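A.B. asks: Take this structure, written in structure tokens, and hold onto it; I'll ask about it next.
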Protein chains: 4
Amino acid sequence: MLVTLPPDCGESDCDEMREQLEVLGLHTRLMRAGRGWTVVCYGDPDLFARVKQFTFPAGAIVTAVPQPYVLCARACAPDRAMIVPGPRPITLGDGGIALAGGPCSVEGLQMLRESAAAVIAAGGTMLRGGAFKPRTSPYAFAGLGAAALEMLGEVRRETGLAIVTEVLDARQIDAMIPHVDVFQVGARNMQNFSLLAELGRIRRPVLLKRGASATIEELLLSAEHILSRGNTDVILCERGVRAHETLTRNTLDIGAVAVLKQETHLPVFVDPSHAAGRADLVAAHALAAVAAGCDGLLVEVHPRPGEALSDGKQSLTPDAFIDLAAQLRSIAAALGRTSAPAAHQPAQRVA
Amino acid sequence: MLVTLPPDCGESDCDEMREQLEVLGLHTRLMRAGRGWTVVCYGDPDLFARVKQFTFPAGAIVTAVPQPYVLCARACAPDRAMIVPGPRPITLGDGGIALAGGPCSVEGLQMLRESAAAVIAAGGTMLRGGAFKPRTSPYAFAGLGAAALEMLGEVRRETGLAIVTEVLDARQIDAMIPHVDVFQVGARNMQNFSLLAELGRIRRPVLLKRGASATIEELLLSAEHILSRGNTDVILCERGVRAHETLTRNTLDIGAVAVLKQETHLPVFVDPSHAAGRADLVAAHALAAVAAGCDGLLVEVHPRPGEALSDGKQSLTPDAFIDLAAQLRSIAAALGRTSAPAAHQPAQRVA
Amino acid sequence: MLVTLPPDCGESDCDEMREQLEVLGLHTRLMRAGRGWTVVCYGDPDLFARVKQFTFPAGAIVTAVPQPYVLCARACAPDRAMIVPGPRPITLGDGGIALAGGPCSVEGLQMLRESAAAVIAAGGTMLRGGAFKPRTSPYAFAGLGAAALEMLGEVRRETGLAIVTEVLDARQIDAMIPHVDVFQVGARNMQNFSLLAELGRIRRPVLLKRGASATIEELLLSAEHILSRGNTDVILCERGVRAHETLTRNTLDIGAVAVLKQETHLPVFVDPSHAAGRADLVAAHALAAVAAGCDGLLVEVHPRPGEALSDGKQSLTPDAFIDLAAQLRSIAAALGRTSAPAAHQPAQRVA
Amino acid sequence: MLVTLPPDCGESDCDEMREQLEVLGLHTRLMRAGRGWTVVCYGDPDLFARVKQFTFPAGAIVTAVPQPYVLCARACAPDRAMIVPGPRPITLGDGGIALAGGPCSVEGLQMLRESAAAVIAAGGTMLRGGAFKPRTSPYAFAGLGAAALEMLGEVRRETGLAIVTEVLDARQIDAMIPHVDVFQVGARNMQNFSLLAELGRIRRPVLLKRGASATIEELLLSAEHILSRGNTDVILCERGVRAHETLTRNTLDIGAVAVLKQETHLPVFVDPSHAAGRADLVAAHALAAVAAGCDGLLVEVHPRPGEALSDGKQSLTPDAFIDLAAQLRSIAAALGRTSAPAAHQPAQRVA
């Protein structure tokens, strides 16, 4: 529920109303709305019945939010863009298309530097790379862990790229904070509510991947788990659902991008690599994602895909990634969107 | 299996070889390949074992086709474009993007003329409209039947647009031939092999929609059912698969477009309307389809969607369709593809 | 909508009311209900709004049918059993469990006789076997056609077993009538409404398989397509849906059996063979189906599965089928259901 | 890989071989095999290539395990039963059918005692009830937490029933240990590998639910995550997959039960409540599960389903649960399986 107060109401009027709503068991947030204020009220849907007896200040406009999520509903913050406060702040959701690239796993400092160079050459601003890898089999390579975090931090300092990496366990957060700009939650943990709650308590953007059989509504409710704990910055990421087709790894739900752009103010990314499952199909997926309106892409790039310890089959070479970025810029321009920058001045040259 | 003969081999050499292969129970087709000939050999996979003892002419290059389909495999006709021989022949699969629009059902002559005018204004070349409608419920409106065919024929004469309409039963084909340029097979009939066999015997393009839970391979094998009977012209159409998401009507398998463009020489269309299920989501689906590489779009357009007897919710207004077409042309240009024509001179003005 | 008239109302009262309803565009059927009559009224849901102004005879009880199907709704015929009028009439849906077995395809008279002997030895009453086979690939064995029909007719005469075989095309019906007791519609044709309409005009039971991605409601509406044309006898058949699992051929929707038994008066069969896809998993599927409440089973049985021209991998040997039947009888007895007969005296001995 | 040594080889021979295999990077376990020993060797599949140069003791029989899981493969422990070491040890996987019942959430001590009484009256041996509830919405009731653990412990002492409850976070384990006999991992956490690893380090059975879109192989690999850390006791639980049907909550994959019984020595449970989603469909699902061969059932039972704070719609009343148990015993007996006990003497009477 949103209560927009007349411009002559001040913060103290809001505070009074918030207090009364909170006595009912609901939660509230205060937002600027033009020259006045909006109180966002959220919580257990059953409690809203009690609001009916409530008297709102004269002139207040009360808007119900029909969806089961409130804080991530578009109505709650219609024009909001998000800042990733990395070494160089990046704005998401302002019409531009952010580009994140990098290897599935961080396999060493040299390959990470080469990947970062590819990202920069492609005009990207974020470097992805797994330190802790969730693997279907307990016998598969599970990432370099803390050592990988150090390497990510090192390349972050060298290049100014923002670091996106996956968190598997709340107990990893503290060690990640110094090196990581965006905490990625993988598809398999989209409903690990315990982890989401912890990520709701930090002040760092979370990139939340959609589970392989999650509905769009479930994805938004998982984002709401984070937002309702206080963290305001969640990036949603469509990466394909598990349908019956086997020639692609997952079935990219391109319609979900369109639905999300209507439902929420949160930025929407797409991971074309995990959908395609094959490098030769990544570009078509990525171009389609931009045409459908996504705010950013998360692409697997490896200097030598044939040698990758994981996901090599679906990783682009640096050259293929740079070519793809040029095509993305063309499409973005054709759609009247701010294109990602064609060139990027790194903080410091990589080898 | 493809057998490409040296340029000095003539048709008679081919005939001899074909005869021998056909004695084994296999089927053959003769194709031009540069200055020489290629014999395409297809049929029961088990029979190919017998080919091992076969002696091919000196210099012949024998290429196995690993897929279970042969005639629609890309290797079989790598650069082939298809001509829709309507009132004005339309080339498909040459890099351009063909645009087909029109109502779910033909509801009357006037609304069909208005729909045709919208298609022309959008730069489209094909008019879609159902005469025979497959309906989940036996109590729902099932189309105007023969009367609708007459209306389609009438508007075809007036506008020069090619007519795309669905066939449900082999016994409808004869009555359709005079009015229809492209015979559409709906998703529910994709494996109606009896109907496919009959459509394989006519000489008119068939637009074959992918079944809601069909694999890409099954779609191609259904196309092969048509091709193997002699009809060389099949247009494939992705229209969304049935996955678990309910906010869209179907889940558009954008990756299937990319896979099909690699697997087959047949043109690939996308129906964004049945995937989206809501008019406000159609444009994002259509733009994504073009970005992913499709050769054409089949879009539901109705002069007054709110009054439509079927699928009104997902039908675009003429204005929305014209806007969409402009965006599609921008994206096509950005990708270096021949854009669909911006204007189109109709054979005769519509009201 | 069901209108149950007081016992003192006669057929002429019914006729009058039916006439008035039909003037509105609705359809009606007359059913015995205890000592009185019920008029079943069905048709375009939009027309029912007009019924509101209607005055029903005093004492009439009007029951709305909330589902989009009416004739197959359980309320329409709560205790109905169905008779398969074969050489020896078989009652379905009376608590007993009917057993149909036989090969995927009729491959010859001898193997068909052996299959029939297995069915009889197992206590079954129906012989299944394909004459016309829908095959994903146009190059696969598609059945012996008319010759197979003759063989089925021959074994029918010899054994008294009812014949279940698939129809692919309305034009096959006439040739099938003399030899076939139950017309099977395969999963791929569940929404071939043109075929369903023709089967609605014959007076022979139709076994309608659920499509691989059809909902339960869609299955019932397809049955309604048949029932609304006049044929009163449809057997529904669950055979597995296409989900993501690949170790079984399809995912048997055991819950659908339970839902169907509540929703409809039509008998519900299960095909465990196409769900399992492997002979060693068929028994578990079949036992589960009986435990969940199905009225009959359709099982693939082949005298020598290793030599089968189709579906050999999932076909039971005669011995395995006989063992399975014994287990089924145990479970049926444990659930207080009439077990299928342990022995069956054939009309005439098979070789 | 399994290496079965001749009976005359002693533990020291095994130790020597294990040491050599472990030098290669592989892991080993020692198992009794008749009068001799088997060494189970597992780990990174790539390392097994190195085993080829290995010389095994004379008479050793080396068996490859083709599946990607080893410790849970049936070949690894073909006849193993599992003991749940609760207040009264329960044997699983010995042919009997274990019955666990109880509320979705522990809502209070009184309702938990009533639920326990229903379990006992039904012949069950385990009480389920959630203390920590994963909820799609952050605003829904999430369980009573630590207070619920105390109540579970209390009823455990009173009744001797083993307690099954869900763990969401590794940090909850210590507080759960005193009160919990079986740690349940929910479908949403099936691939929370961090949690699985921690559960692999305790010595308490884990009931691992299959994820809504997990394959059978992925379920077994998740079990392997636990087993490979040292915990030998995992119970697998099928609870329905997310397919397209909406009349049931999930689609129970009854075939998975059959496949699992072939693939693994681990006991297989079924949760009919989350599959059915409606109380009136639970019995059919449960009966089917037993017929398909499951080793136990996990059923939601609530003394007053209409008042339940979660999952009331799918919860059985005590009476319905007791009726169901009687039917289950009949089916178990019909299949020649040890039925669950008809009566059970509690350690202490419940109110």
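A.B. asks: More than 12 Å from chain D (Cβ to nearest Cβ) and within 25 Å of A:V70 (Cβ to Cβ), is that true of A:L196?
C.D. replies: No.
A.B. asks: Is it the case, given these coordinates, that D:G143 is on the phi > 0 side of the Ramachandran plot and within 14 Å of chain A (Cβ to nearest Cβ)? Step through it out loud before you land on a result.
C.D. replies: Numbers: on the phi > 0 side of the Ramachandran plot: yes; within 14 Å of chain A (Cβ to nearest Cβ): yes.
Judged against the criteria, D:G143 is a match.
A.B. asks: Over 22 Å from D:R80 (Cα atoms) and surrounded by 17 or more Cβ atoms within 10 Å (Cβ to Cβ): is that true of D:L5 in this structure?
C.D. replies: The answer is no for D:L5.
A.B. asks: Do we find that D:V119 is of a type in the set (A, V, I, L, M) and within 14 Å of chain A (Cβ to nearest Cβ) in this structure?
C.D. replies: Details: of a type in the set (A, V, I, L, M): yes; within 14 Å of chain A (Cβ to nearest Cβ): no.
So D:V119 fails the test.
A.B. asks: Look through D:A223, D:A175 and report the one residue that is in the same structural domain as D:T136 (by TED's automatic domain parsing) and farther than 27 Å from D:D253 by Cα.
C.D. replies: Testing whether each residue is in the same structural domain as D:T136 (by TED's automatic domain parsing) and farther than 27 Å from D:D253 by Cα leaves just D:A175.
A.B. asks: Shifting gears a bit: Restricting to segment C:53-87, what's the tally of residues that are modelled with pLDDT of 95 or more and in contact with a Gly (Cβ under 6 Å, 6 or more places away or on another chain)?
C.D. replies: Residues flagged as modelled with pLDDT of 95 or more and in contact with a Gly (Cβ under 6 Å, 6 or more places away or on another chain) within segment C:53-87 amount to 0.
A.B. asks: How many residues does segment D:309-351 hold that are outside any helix (DSSP H, G or I), over 28 Å from D:G143 (Cβ atoms) and at pLDDT 65 or above?
C.D. replies: The number of residues fulfilling the criteria is 4.
A.B. asks: Residues D:D233, D:D174: which one is within 14 Å of the chain's Cα centre (by Cα) and more than 23 Å from A:S213 (Cβ to Cβ)?
C.D. replies: D:D233
A.B. asks: Report whether or not C:D181 is without any contact (Cβ under 8 Å) to a residue 24 or more places away in the chain and more than 9 Å from chain B (Cβ to nearest Cβ).
C.D. replies: no
A.B. asks: On to the next question. Would you confirm whether any residue within segment D:281-297 is among the charged types (D, E, K, R) and surrounded by fewer than 24 Cβ atoms within 10 Å (Cβ to Cβ)?
C.D. replies: Of the residues in segment D:281-297, the ones among the charged types (D, E, K, R) are D:295.
Right, trim to surrounded by fewer than 24 Cβ atoms within 10 Å (Cβ to Cβ) and you get none.
No, there is no match, as no residue in segment D:281-297 is among the charged types (D, E, K, R) and surrounded by fewer than 24 Cβ atoms within 10 Å (Cβ to Cβ).
A.B. asks: Where in segment B:16-122 are there strands (runs of 3 or more DSSP E), lying wholly inside it, with at least 1 residues that are under 18 Å from the mean Cα position of the chain (by Cα) and surrounded by 22 or more Cβ atoms within 10 Å (Cβ to Cβ)? Show your work before the answer.
C.D. replies: Working: elements: B:27-33, B:36-42, B:61-63, B:82-84, B:90-92, B:98-102.
Filter on segment B:16-122 gives B:82-84, B:90-92, B:98-102.
A.B. asks: Restricting the search to segment D:250-289, which residues are free of Cβ contacts under 8 Å to residues at least 40 places away in the same chain, among the hydroxyl-bearing types (S, T, Y) and in a helix (DSSP H, G or I)?
C.D. replies: Passing the criteria: none in range.
This table checks each residue for (1) in contact with a strand residue (DSSP E or B) (Cβ under 8 Å, 6 or more places away or on another chain); (2) among the aromatic types (F, W, Y); (3) within 18 Å of B:A283 (Cα to Cα); (4) at pLDDT below 95.
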{"site": "A:A258", "(1), (2), (3), (4)": "no, no, yes, no"}
{"site": "A:Q262", "(1), (2), (3), (4)": "no, no, yes, no"}
{"site": "A:P267", "(1), (2), (3), (4)": "yes, no, no, no"}
{"site": "A:G277", "(1), (2), (3), (4)": "no, no, no, no"}
{"site": "A:A284", "(1), (2), (3), (4)": "no, no, yes, no"}
{"site": "A:A289", "(1), (2), (3), (4)": "yes, no, yes, no"}
{"site": "A:D295", "(1), (2), (3), (4)": "yes, no, yes, no"}
{"site": "A:P303", "(1), (2), (3), (4)": "no, no, no, no"}
{"site": "A:E307", "(1), (2), (3), (4)": "no, no, no, no"}
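A.B. asks: Check whether at least one residue in segment A:140-147 is in contact (Cβ under 8 Å) with a residue 12 or more places away in the chain, more than 24 Å from A:V268 (Cβ to Cβ) and among the aromatic types (F, W, Y), and report yes or no.
C.D. replies: Within segment A:140-147 (the criterion being in contact (Cβ under 8 Å) with a residue 12 or more places away in the chain, more than 24 Å from A:V268 (Cβ to Cβ) and among the aromatic types (F, W, Y)), the answer is yes, since at least one residue qualifies.
A.B. asks: Just name the residue that is nearest to A:L298 (Cα to Cα) out of those in segment A:150-173 that are within 14 Å of chain D (Cβ to nearest Cβ) and surrounded by fewer than 21 Cβ atoms within 10 Å (Cβ to Cβ).
C.D. replies: A:I173
A.B. asks: Something else: Do we find that A:E238 is surrounded by fewer than 24 Cβ atoms within 10 Å (Cβ to Cβ) and either of a type in the set (D, E) or not assigned by TED's automatic domain parsing to the domain that holds A:Q184 (or both) in this structure?
C.D. replies: The answer is no for A:E238.
A.B. asks: Looking for something aromatic (F, W, Y) and in contact with a strand residue (DSSP E or B) (Cβ under 8 Å, 6 or more places away or on another chain) - is there at least one such residue anywhere in segment C:171-186?
C.D. replies: Within segment C:171-186, one or more residues are aromatic (F, W, Y) and in contact with a strand residue (DSSP E or B) (Cβ under 8 Å, 6 or more places away or on another chain).
A.B. asks: Quick one: in segment B:224-253, which of the residues that are within 8 Å of chain A (Cβ to nearest Cβ) and among the aliphatic types (A, V, I, L, M) is nearest to A:V259 (Cα to Cα)?
C.D. replies: Here the answer is B:L247.
A.B. asks: What single numbered condition from (1) crowded, with 24+ Cβ neighbours inside 10 Å; (2) within 14 Å of chain C (Cβ to nearest Cβ) fails to hold for B:T215?
C.D. replies: Evaluating B:T215 over (1) crowded, with 24+ Cβ neighbours inside 10 Å; (2) within 14 Å of chain C (Cβ to nearest Cβ) leaves (1) as the failure.
The values are calculated or read from the model by the stated rules, or taken from the named source; none is laboratory data. All of these numbers come straight from a predicted model, not from anything done at the bench. Neighbour counts are summed over all protein chains in view; Cβ atoms, including those assigned to glycine, are modelled from backbone coordinates with ideal geometry.
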